[in-house]
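First the structure, in the form of structure tokens, and then the observations on it.
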Amino acid sequence: MSPDPSQPGRREVLLGAGAALALGLAGRSLAAASSPSSQERRMSTLVIRNARITTLDPALPHAQALAVQDGRIVAVGSDDDIMRGWAAEATIIDAQGRRLVPGLNDSHTHLIRGGLNYNLELRWDGLRSLADALAMLKVQVDRTPAPQWVRVVGGFTAAQFTEKRLPTLEEINTIAPDTPVFLLHLYDRALLNRAALRACGYDKNTPDPPGGQIVRDKLGNPTGLLLAKPNAVILYATLAKGPKLPIEYQANSTRHFMRELNRLGITSVIDAGGGFQSYPEDYQVIEQLHRDDQLSVRIAYNLFTQNKGGEVGDFQRWSEILQPRQGDDLLRHNGAGEMLVFSAADFELFNEPRPELPPELEPELHDVVRLLVEKRWPFRIHATYDESISRILDVYEQVNREVPFDGLHWFIDHAETITPRNIERIRAMGGGLAIQHRMAYQGEAFVERYGVQAARHTPPVKRMLAEGVPVGAGTDATRVASYNPWVALSWLVTGRTVGGLALYGDENLLEREQALRLWTQGSAWFSGDEDRKGTLKVGQLADFVVLSADYFRVDDDQIADITSVLTVLGGRIVHAAEDYDGLAPVLPPAMPDWSPVNRFGGYHVGGTATGLAMAHHHHHGAPCSTHGAHGHAAHHAAPTGDLQAFWGAMGCSCFAF
């Protein structure tokens, strides 16, 4: 006999204060748990009812309810069927008719690096007014103690502002005469105020690095403008000179970044590594969070070579300590890339000419790819331009003849200007294409250099899908684009940049369900998870999102403003908002206490600057029981030998206990 859903053993979380009070929330609701352990947060049975569920399962495309046990979906169907079969002893959440979709999966991002620094960064992502951006900068400068920097590290473009420009160096120096400010615009330039130039030690005697330019005045002094020409090493090498968070704060920072991704509906990512991101040193924080069961995003990570000329050695060494796909469903190795050899890196600055890659590309790439195939390591490679892709595929075809790929997953990242011929070559060797919304941030620059017609199929997403090549979607966040998946979905559907420029005609626009599939099923292939996630059907991982607005019904210009009101990872609630507020575990405040995250948060949904009107709660001049007034930190260097004094400069940690 099926359990009777009317019997009192059932736990309900029917949302809205009136409904909750009327029912008395029989049993123990999630919201009542003051400090739930991770085991308590893993509900034995969870039922979501009264939803508009898009399953992406052709056998049952739409449903009203689903049930979860032990982190997996155990039933999908109508309210009546699910309540009759699964409601007894279940925690029940009423979706109130909202749209529910599979958890989003970013197939190319930089979560691990971004997480280590998230708490240090002032985000301009989503802002529509440069005036608001500068007002935020002024507030953050005033609350940042010496010797810390204020950093705006990508995720925005000048075209998104109504003013259609970047701030001037004069504006930044006026706002921050003494506090170092580093402002990164995509990967094309950085603006440093005079205090940041001093902190970096840049003066008239500092030489330009290869592929970069330090812009100078008539006397030869740096002005504060750094340009990638087109190599971005000058930009992130300069950023690396800034103070770093201690490891405890890096863990807190990573948790806040993951929660920000959860707020936007992301439950999985594939991390593409990065420069200055060494294994295993820079993976200690994410591995510790995994051991402590504090990951709220599933992460598959690729390893990015760190040594120009020593790439084979990097991958040889790593392959001796990591097996292919080593790990579990929360944290797992995903192979090599996105940098396999430095000689193959074609930087994607569309305001600069396409770089000519050196002749060393072929022999160096051959040796690395052959090693990876022999070790059965999946691999990915950054390639923006078709000219680069042609040469890369020549090498792949040669290695495939020597050591067959034989079903090994490999793929090209970016591929903005790829031609139909090279799409066919990728399909023939069993590869895939991971695309990102970089054109949403650089579309204006691309059109200016290459013209409107060339932009109409950059990248040719519809052609990729028509050829039957696996295609996954992502962001390439956090620097060259925002981490917000809804901006990427809006770009796929509307073909417009964040500045409003229409790039594509109907021949290269996706239907909304097609675009959603790239962000779910499509991306799952790129980590070998196509049988475990990406759809909402029995046996799949219970990763799903209840949306703030109906993705399939809102106007095109509202897609980018969608967020999650309930994000579930493996049956565990990792983000909850609006009527569901209180159902997710509470994070400690962002560390240090002056972190921009505490005041401004992350992506600015709707274009309005979050936190500008908010009163100070605990700034660096406020007293606390350990240090007294924090204002002293603004006048002293960080004394790392004295722990109590050190936290005064980095930010008081008292609030966390």
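The values are calculated or read from the model by the stated rules, or taken from the named source; none is laboratory data. Because the structure is predicted, anything quoted here is derived from the model rather than measured. Note that each Cβ is placed from the backbone with ideal geometry, even for glycine, and that neighbours are counted across all protein chains shown. For accessibility, only protein heavy atoms count, side chains too; no ligands or nucleic acids. Shrake-Rupley method; radii C 1.70, N 1.55, O 1.52, S 1.80 Å.
Give me the one-decimal nm value for the distance between modelled label points at D581 and D293, 7 Å along each residue's Cα-to-Cβ direction.
Inter-label distance under the simple model: 2.8 nm.
Considering the dipole of the chain built from charges on the beta carbon (Lys and Arg +1, Asp and Glu -1) around the Cα centre, which of G327, Q277, A584 is farthest to its positive end?
A584
So which trypsin sites (Lys or Arg not before Pro) in region 489-554 pass both tests, a DSSP loop state and at most 10 other Cβ atoms within 10 Å of the Cβ?
Working: sites: R496, R512, R517, R532, K533, K537, R553; in loops: R532, K533, K537, R553.
For trypsin sites (Lys or Arg not before Pro) across region 489-554 that sit outside H, G, I, E and B with at most 10 neighbouring Cβ atoms in 10 Å, the list reads R553.
So for each of 602-609, 518-525, 558-565 I average, over its residues, the number of other beta carbons within 10 Å; can you give me the resulting order with the highest mean first? Mind showing how you got there, number by number?
Working: 602-609: 18.9, 518-525: 24.9, 558-565: 21.6.
For the peptides 602-609, 518-525, 558-565, the packing ranking is 518-525, 558-565, 602-609.
Mind checking which of G103, L349, Y603 is farthest towards the positive end of the chain's charge dipole, using Cβ charges of +1 (Lys, Arg) and -1 (Asp, Glu) about the Cα centre?
Sorting the options by dipole projection puts first Y603.
Treating only the Cβ atoms of Lys and Arg (+1) and Asp and Glu (-1) as charged, compute the dipole magnitude of region 199-303 about its Cα centre; round to the nearest 20 debye. Before the final figure, lay out the partial values.
Numbers: 11 positive and 11 negative charges, 80 e Å.
In debye, rounded to 20, region 199-303 gives about 380.
Within the chain, what is the number of lysine pairs with alpha carbons under 24 Å apart, leaving out pairs fewer than eight places apart on the same chain?
Taking the Cα cut-off of 24 Å, the pair count is 13.
Report the extension gain between D203 and K138 in nm, rounded to one decimal, defined as 0.36 nm multiplied by the number of residues separating them, less their alpha carbon distance. Write down the numbers at each step before the final one.
Numbers: separation 65, 0.36 × 65 = 23.40 nm, distance 2.56 nm.
Taking D203 through K138 to full extension adds about 20.8 nm, to one decimal.
How far apart, in nanometres, would the label points at R421 and T608 be if each is projected 7 angstrom from Cα along the Cα-to-Cβ direction?
Placing both labels 7 Å along Cα→Cβ, they lie 5.4 nm apart.
Rounded to the nearest whole Å², what accessible area per residue is found for the chain with the 1.4 Å probe? Provide the component values of the computation, followed by the final result.
On the way: 24310 Å² over 657 residues.
Heavy-atom SASA per residue in the chain reads 37 Å².
Just order 211-223, 470-482 by mean Cβ neighbour count inside 10 Å, highest at the front, would you? Walk me through the numbers before you get to the answer.
On the way: 211-223: 13.5, 470-482: 26.8.
Answer by packing, highest mean first, reads 470-482, 211-223.
Take each of the peptides 183-196, 497-510, average the number of other beta-carbon atoms within 10 Å over its residues, and list them starting from the highest.
Details: 183-196: 23.6, 497-510: 16.8.
Ranking the peptides 183-196, 497-510 by packing returns 183-196, 497-510.
How much FRET efficiency would the formula 1/(1 + (r/R0)^6) give for D557 and T162, where r is the Cβ-Cβ distance and R0 is 22 Å, rounded to 0.05?
E(calc), rounded to 0.05, equals 0.90.
Multiply the residue gap between D550 and A240 by 0.36 nm, knock off their C-alpha separation, and tell me the result in nm, one decimal place. Don't jump to the answer; show the numbers that get you there.
Details: separation 310, 0.36 × 310 = 111.60 nm, distance 4.10 nm.
Difference between extended and current length: 107.5 nm.
For W86, W149, give the ranking by accessible area with the largest first, probe 1.4 Å. Each step should come with its number before you reach the end.
Numbers: W86 80, W149 5 Å².
Largest accessible area first, the list is W86, W149.
Ranked from the most accessible area to the least, with a 1.4 Å probe and all protein chains present, what is the order of E364, E89?
Values: E364 65, E89 115 Å².
Largest accessible area first, the residues go E89, E364.
Antiparallel versus total DSSP beta bridges in the chain: what percent is that, nearest 5?
Details: 38 of 77 bridges.
Of the beta bridges lying entirely in the chain, close to 50 percent run antiparallel.
Using 12 Å as the cut-off for backbone N distance, which residues of region 357-387 belong to the label zone defined by a point 7 Å from the Cα of Q398 along Cα→Cβ?
Those under the cut-off are 359-370.
Relative contact order, percent, of the chain when contacts are C-alpha pairs under 8 Å separated by at least 6 residues? Numbers along the way, then the final one.
Details: 1470 pairs, mean separation 118.1, N = 657.
It comes to 18 percent, rounded to a whole number.
How many angstrom lie between the Cα centre of region 270-329 and the Cα centre of region 453-480?
Using only Cα atoms to place each centre, the spacing works out to 26 Å.
Please give the contour-minus-distance gain from D70 to Q453: 0.36 nm per residue of separation, less the Cα-Cα distance, rounded to one decimal in nm.
Numbers: separation 383, 0.36 × 383 = 137.88 nm, distance 5.13 nm.
So the chain would gain 132.7 nm between D70 and Q453.
Using +1 on the beta carbon of Lys and Arg, -1 on that of Asp and Glu, and nothing else charged, what's the dipole of the chain about the Cα centre, debye to 20?
On the way: 62 positive and 77 negative charges, 160 e Å.
Here the size comes out at about 760 debye.
Let me know the charge dipole size of region 60-124 about its Cα centre in debye, to the nearest 20, where only the beta-carbon of Lys, Arg (+1) and Asp, Glu (-1) is charged. Numbers along the way, then the final one.
Working: 6 positive and 8 negative charges, 65 e Å.
I would put it at about 320 debye.
What is the Å³ per residue value for the convex hull set by the Cα atoms of the chain? Kindly include the intermediate steps, with their values, before the conclusion.
Numbers: hull volume 105.9 nm³, N = 657.
Taking the convex hull of the Cα positions in the chain, it is 161 Å³ per residue.
Heavy atoms only, probe 1.4 angstrom, no DNA, RNA or ligands counted: give me H290, H414 ranked by accessible area, highest first.
Numbers: H290 50, H414 0 Å².
Largest to smallest exposure gives the sequence H290, H414.
So what is log10(I(q)/I(0)) for region 197-255 at q = 0.26, 0.29 1/Å, when the Debye sum runs over its Cα atoms only?
Summing over Cα pairs of region 197-255 leads to -1.05, -1.22.
Would you mind telling me the share, in percent, of accessible area of region 59-204 contributed by carbon and sulfur at probe 1.4 angstrom? It would help to have the intermediate numbers written out before the result.
Details: 2270 of 4550 Å².
With neighbouring chains kept in place, the figure for region 59-204 is 50 percent.
Rounded to a whole number, what % of the accessible area of region 432-513 do carbon and sulfur atoms account for, probe 1.4 Å?
Numbers: 1170 of 2470 Å².
Exposed carbon and sulfur together represent 47 percent of the surface.
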